[in-house]
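Peer 1: Right, I'll just put the structure down here and ask away after.
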Amino acid sequence: MITPFEVIETIKMIQEENLDIRTITMGISLRDCSHSEGNIAREKIYNKITRLASNLVKVGQDIEKEYGIPIINKRIAVTPISLIAESCDEEDYVKFAETLDKAAEAVGVNFIGGFSALVHKGYTVGEQKLIKSIPTALSATKKVCSSVNVATTKAGINMDAVGEMGQIIKETARLTAGDGGLGCAKLVVFANVPEDNPFMAGAFHGIGEPECVINVGVSGPGVVKCALEKVKGADFGTVAETIKKTAFKITRMGQLVAQEASKRLGVSFGIVDLSLAPTPAIGDSVAHILEEMGLEKCGAHGTTAALALLNDAVKKGGTMASSYVGGLSGAFIPVSEDAGMIDAVTKGALSIEKLEAMTCVCSVGLDMIAVPGDTSAETISAIIADEVAIGVINNKTTAVRIIPVPGKKVGDIVGFGGLLGYAPIMKVNEYSSDAFIKRGGRIPAPIHSLRN
Amino acid sequence: MRAVITVIGKDKVGIIAAVSNILADCNVNILDISQTIMQDMFTMIMLVDISQMKVIFSNLSDQLEKKGQEMGLSIKIQHEDIFNSMHRI
């Protein structure tokens, strides 16, 4: 039988250390919903989502109650809409986003991802239309999330798309200026995007995925931090070992919930995403784990090494705990969603440049970073280009979710509410990248021998 | 199907009686009870069999939680699998 100590340890992790299941995400293929008439396609999309996901929220709540573990979000990811909508001849895909929003509302999920396009090698007509629709789509809907993959290790970097995404992000911020540019918090630009990621805003249901699937994202930075508090001053072997054991326990929860949800919903189990996803709540911060390792503030020299150790140990511990892992799997470092990151930026310890270095050793990228509203589209594109280059060369996923907050300047604070948190406006390099971005074209795929 | 009930709080007369009354009403069988003082708190852990339970799980869970509030204790019931999966390979 389970010992009292083990029972109490689990309960303490949940009650005091913020252990939770961050999301159960149902992936739904919409590939049978294409139609030459936009209205019919949208009707098919709505019907399919509301049919397959009708029980998702209830099953999530039941599991939450029976196992006593909070499941924070129930979400849906669908096939990239560019692939579905391009069979019709409509010029504007905003109506498709509105349909997704309506379907998400009907089944009670808090986000739906998949207003997406994969353009790493070039655009199809539908992808061009979808990207142009993003700013209006994100301002006209509440729950729809959008993502664009602009680069892969095998295809290189589509610099035309990188250039365009700078403009799209600026326009999205302008259209949602009343909410601090909130639309940009629902838009991610990727390199090497995974097809089974359960986390928003970058989730979509990839083309290699089955008809319907359940993917689960776990959380638990607070649990790791508390475990490390018990090994103060110990060497890094002990630190890594402690993180591995804790990650194992956290991931077992994800595995259990994923299996149970897929069984009850009659849908296949996809993956558990081994991520440490922070929230703005105190005691749920990745930055504080790094500080627990001995750094005065996140961003101090040594931060990248600390993060590399954390990320690797989480994967090692988590892999054994789950039968299938995937998605983004790693520690997230979103600035606005992590109390320790917010504090480090406010105190001047953490800059965009340091965050960029940190993204070389963890998932996922420059995430939830607020910059001055007058940052040019070209500068934003150049930030994206730098970040995707890291992903392409290092054969990993990287992403940019950046918010040029209208009317705000360095040092101001912008609040997004809820899990999206709040962010201090960060300084960007003021020198121009205009001529670099205006070149356009593609940066060729890298060579993967001669690794230096 | 088995579940674990945990009672955490200040020790007082009648805790076991209160919990086992609810369990008897719901036709839940108690398989094992252990109690200890952990970090200055009274902790009671009960392993119960819920396969013949007469009510739905959430109903029992609500009744226990309500009783806990009345007595100034935390009373929780959780499916046994959550502990097995976390602590057993």
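Peer 1: For the condition in contact with a helix residue (DSSP H, G or I) (Cβ under 9 Å, 6 or more places away or on another chain), closer than 17 Å to B:Val4 by Cβ and without any contact (Cβ under 8 Å) to a residue 12 or more places away in the chain, what is the one hit in B:Met53, B:Met38, B:Met46?
Peer 2: B:Met38
Peer 1: I'd like to check something: does the range A:242-261 contain any residue that is more than 25 Å from the chain's Cα centre (by Cα) and not in a loop (DSSP other than H, G, I, E, B)?
Peer 2: Yes: one or more hits.
Peer 1: Okay, moving on. Do any strands (runs of 3 or more DSSP E) entirely within the range A:375-442 hold 3 or more residues that are within 19 Å of the chain's Cα centre (by Cα) and touching a residue at least 24 places away in the same chain (Cβ under 8 Å), and if so, which?
Peer 2: A:398-405
Peer 1: If a residue must be in contact with a strand residue (DSSP E or B) (Cβ under 7 Å, 6 or more places away or on another chain) and of a type outside the set (S, T, N, Q), how many such residues does the range A:281-324 contain?
Peer 2: So the answer is 6.
Peer 1: Could you tell me whether the range A:185-199 includes any residue that is in a helix (DSSP H, G or I), modelled with pLDDT of 95 or more and within 16 Å of the chain's Cα centre (by Cα)?
Peer 2: Yes, the range A:185-199 contains at least one residue that is in a helix (DSSP H, G or I), modelled with pLDDT of 95 or more and within 16 Å of the chain's Cα centre (by Cα).
Peer 1: Collect the residues in the range A:231-268 that are more than 14 Å from chain B (Cβ to nearest Cβ) and either small (Gly, Ala, Ser) or farther than 18 Å from A:Asp312 by Cβ (or both), keeping them in residue-number order.
Peer 2: A:Lys232, A:Gly233, A:Ala234, A:Gly237, A:Ala240, A:Ser262, A:Leu265, A:Gly266, A:Val267, A:Ser268
Peer 1: For the range A:1-51, name all the residues that are more than 14 Å from chain B (Cβ to nearest Cβ) and assigned to a loop (DSSP other than H, G, I, E, B).
Peer 2: Correct list: A:Asn18, A:Ser29, A:Leu30, A:Ser34, A:His35, A:Ser36, A:Glu37.
Peer 1: Here is a follow-up. Name the residue, out of A:Gly163, A:Gly202, A:Gly178, that is outside any strand (DSSP E or B), of a type in the set (Gly, Ala, Ser) and free of Cβ contacts under 8 Å to residues at least 24 places away in the same chain.
Peer 2: A:Gly178
Peer 1: Confirm whether A:Ala287 is out of contact with any Pro (no Cβ under 8 Å at 6 or more places or on another chain) and among the small types (Gly, Ala, Ser).
Peer 2: No: the conditions fail for A:Ala287.
Peer 1: Name the residue, out of A:Ile28, A:Ile81, A:Ile69, that is within 25 Å of B:Ile50 (Cβ to Cβ), in the same structural domain as A:Ser146 (by TED's automatic domain parsing) and crowded, with 22+ Cβ neighbours inside 10 Å.
Peer 2: None of the other options fit; the residue is A:Ile69.
Peer 1: Given (1) touching a residue at least 40 places away in the same chain (Cβ under 8 Å); (2) surrounded by fewer than 22 Cβ atoms within 10 Å (Cβ to Cβ); (3) of a type outside the set (Phe, Trp, Tyr), identify the lone condition not met by A:Val224.
Peer 2: Unmet for A:Val224, out of (1) touching a residue at least 40 places away in the same chain (Cβ under 8 Å); (2) surrounded by fewer than 22 Cβ atoms within 10 Å (Cβ to Cβ); (3) of a type outside the set (Phe, Trp, Tyr): (2).
Peer 1: Among A:Leu310, A:Leu274, which is within 20 Å of the chain's Cα centre (by Cα) and within 26 Å of B:His79 (Cα to Cα)?
Peer 2: A:Leu274
Peer 1: If we keep just the residues of the range A:130-145 that are buried (at least 20 other Cβ atoms within 10 Å of the Cβ) and among the β-branched types (Val, Ile, Thr), which is nearest to A:Gly113 (Cα to Cα)?
Peer 2: Checked the range A:130-145; the qualifying residue nearest to A:Gly113 (Cα to Cα) is A:Val144.
Peer 1: Determine which single condition A:Ile447 fails, assuming it passes every other condition in (1) under 25 Å from the mean Cα position of the chain (by Cα); (2) modelled with pLDDT under 95.
Peer 2: Failed condition: (1).
Peer 1: Considering only residues that are surrounded by fewer than 17 Cβ atoms within 10 Å (Cβ to Cβ) and of a type in the set (A, V, I, L, M), look in the range A:281-308 and name the one that is farthest from A:Thr251 (Cα to Cα).
Peer 2: Looking at the filtered set, the residue picked out is A:Ala300.
Peer 1: Here's another thing I want to ask about it. Across the range A:341-352, what is the total count of residues that are out of contact with any Gly (no Cβ under 8 Å at 6 or more places or on another chain) and surrounded by fewer than 24 Cβ atoms within 10 Å (Cβ to Cβ)?
Peer 2: 5
Peer 1: Right, something else. Considering only the range B:3-89, give the helices (runs of 4 or more DSSP H) lying wholly within it that have at least 1 residues that are at pLDDT 90 or above and at the interface with another protein chain (Cβ under 9 Å from one of its Cβ atoms).
Peer 2: The helices (runs of 4 or more DSSP H) meeting that bar are B:57-71, B:81-87.
Peer 1: Please give the number of the condition A:Ile168 fails out of (1) in contact (Cβ under 8 Å) with a residue 40 or more places away in the chain; (2) in a helix (DSSP H, G or I); (3) not assigned by TED's automatic domain parsing to the domain that holds A:Gly340.
Peer 2: (1)
Peer 1: I've got another one for you. Among A:Lys245, A:Lys232, which is more than 19 Å from B:Phe83 (Cα to Cα), surrounded by fewer than 18 Cβ atoms within 10 Å (Cβ to Cβ) and not assigned by TED's automatic domain parsing to the domain that holds A:Leu52?
Peer 2: Unique residue meeting the criteria: A:Lys232.
Peer 1: Something else about it: Suppose we keep only residues that are at pLDDT 95 or above and among the β-branched types (Val, Ile, Thr) within the range A:64-101. Which one would you say is nearest to A:Cys33 (Cα to Cα)?
Peer 2: The extreme case among them is A:Ile84.
Peer 1: Could I ask something else about it? Which count do you get for residues in the range A:59-105 that are away from chain B (no Cβ under 14 Å), polar (S, T, N, Q) and assigned to a helix (DSSP H, G or I)?
Peer 2: The total comes to 2.
Peer 1: Based on what the data block shows, is A:Ser54 outside any strand (DSSP E or B), more than 14 Å from every other protein chain (Cβ to nearest Cβ), farther than 18 Å from A:Val109 by Cβ and of a type in the set (Gly, Ala, Ser)?
Peer 2: no
The values are calculated or read from the model by the stated rules, or taken from the named source; none is laboratory data. Predicted model, so just to flag it, every value in this text is computed and none were measured. Every residue, glycine among them, receives a Cβ derived from its backbone with ideal geometry; neighbour counts consider all protein chains shown.
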